[in-house]
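The values are calculated or read from the model by the stated rules, or taken from the named source; none is laboratory data. Source: prediction; values computed, not measured. Counting neighbours? That spans all protein chains shown, and the Cβs are built from the backbone with ideal geometry, glycine included. All accessible areas refer to the heavy atoms of the entire protein, side chains included, with ligands and DNA or RNA removed. Shrake-Rupley method; radii C 1.70, N 1.55, O 1.52, S 1.80 Å.
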Amino acid sequence: HKARSEGVRKLLSPKRAAVVGASRNPESVGGAVFRNMLKEGFSGVVFPVNPNADSIAGVLCYPSVMDIHGNIDLGVIVVPAGKVIEAVEQCAKKGAHAAVIISDGFSEAGAQGVQLERELIDVAASYGLRLVGPNCLGVMSNNPAVRLNATFSPVCAPHGNLSIGSQSGALGLALIDHAKSINLGIEDFVSIGNRADISN
């Protein structure tokens, strides 16, 4: 129970985060997520993970989470559904208390995806790891001490006191965009997607 509570706290205030599936292509989801982490000035350390790249956006890239020196607090996972469980296990072994699964192809994709999501939940629970997603937009913390934008949203709302949770990624994008257009400040944003674990 302590580990799972810690996971929720570290979800929005990590010191070290890995983007598994970071991409050199800024148009891709993995590319957008990693560049958002850099662009918004994340106060911690972010590690791009991609076995097919030496560096991304000028940052040294790691072939796998296990190759990162030291532990991480948060895994942000943007890989094909069939590789998600392996990535989650590696994040857990590297000390992560939480993972954001942006990848799709789970319970929203039919019977095979439902089974894969059950396996994902079981694996995460066995490590005491908290999950957001899968099939989600990501998470955001505008706390000036954190500055975490682990989403693929093209916009980021200003800092304020409002916290938003959205199951729908499309609705989440619309809310962030509207908040920015009217200068409405947001502290935290969480897109929960399929609600495999964290649901509200």
Completion exercise
Residue hits (segment 152-200; open to solvent by less than 60 Å² (accessible area, probe 1.4 Å), part of a loop (DSSP other than H, G, I, E, B) and closer than 19 Å to residue 117 by Cβ) are 168, 192, 193, 194, 196, 197, 198, 199
Problem - Every residue from segment 63-117 that is part of a loop (DSSP other than H, G, I, E, B), in contact with a strand residue (DSSP E or B) (Cβ under 6 Å, 6 or more places away or on another chain) and within 18 Å of residue 128 (Cβ to Cβ) - result: 72, 73, 96
Completion exercise
Residue hits (segment 71-116; within 24 Å of residue 24 (Cα to Cα), small (Gly, Ala, Ser) and either over 17 Å from the mean Cα position of the chain (by Cα) or open to solvent by 50 Å² or more (accessible area, probe 1.4 Å) (or both)) are 82
Problem - Test for residue 35: is it charged (D, E, K, R) and under 15 Å from the mean Cα position of the chain (by Cα) - result: yes
Exercise for the section: Please work out if residue 139 is surrounded by 17 or more Cβ atoms within 10 Å (Cβ to Cβ), on the phi < 0 side of the Ramachandran plot and over 17 Å from the mean Cα position of the chain (by Cα). Expected result: no
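When only residues in segment 20-62 that are aromatic (Phe, Trp, Tyr) and not in a loop (DSSP other than H, G, I, E, B) count, which is surrounded by the most Cβ atoms within 10 Å (Cβ to Cβ)? Write out each step before concluding.
Of all residues in segment 20-62, those aromatic (Phe, Trp, Tyr) come to 34, 42, 47, 62.
Pick out the ones that are also not in a loop (DSSP other than H, G, I, E, B) and you get 34, 47, 62.
Details: 34: 30, 47: 24, 62: 20.
Among residues in segment 20-62 that are aromatic (Phe, Trp, Tyr) and not in a loop (DSSP other than H, G, I, E, B), the one surrounded by the most Cβ atoms within 10 Å (Cβ to Cβ) is 34.
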Fill in the blank from the handout: When residue 81 is run through (1) closer than 24 Å to residue 188 by Cβ; (2) among the hydrophobic types (A, V, I, L, M, F, W, C); (3) modelled with pLDDT of 95 or more, the failure sits at (1)
Exercise for the section: Output yes when any residue across segment 4-15 is at pLDDT 95 or above and touching a helix residue (DSSP H, G or I) at 6+ places or on another chain (Cβ under 7 Å), and no when none is. Expected result: no
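Considering only segment 117-136, state which residues are in contact with a Pro (Cβ under 9 Å, 6 or more places away or on another chain) and either more than 18 Å from residue 97 (Cβ to Cβ) or open to solvent by 60 Å² or more (accessible area, probe 1.4 Å) (or both).
The answer is 117, and nothing else.
Each row is one residue, and each column tells you yes or no for (1) closer than 25 Å to residue 95 by Cβ; (2) at pLDDT 95 or above; (3) in contact with a Ser or Thr (Cβ under 9 Å, 6 or more places away or on another chain).
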position	(1), (2), (3)
116	yes, yes, yes
119	yes, yes, no
130	yes, no, yes
138	yes, yes, yes
148	yes, yes, yes
188	yes, no, yes
191	yes, no, yes
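Is one or more of the residues making up segment 97-104 among the small types (Gly, Ala, Ser) and modelled with pLDDT of 95 or more?
Taking segment 97-104 first, the residues among the small types (Gly, Ala, Ser) are 98-99, 103.
Now restrict to residues that are modelled with pLDDT of 95 or more: 99, 103.
Yes, that holds for at least one residue.
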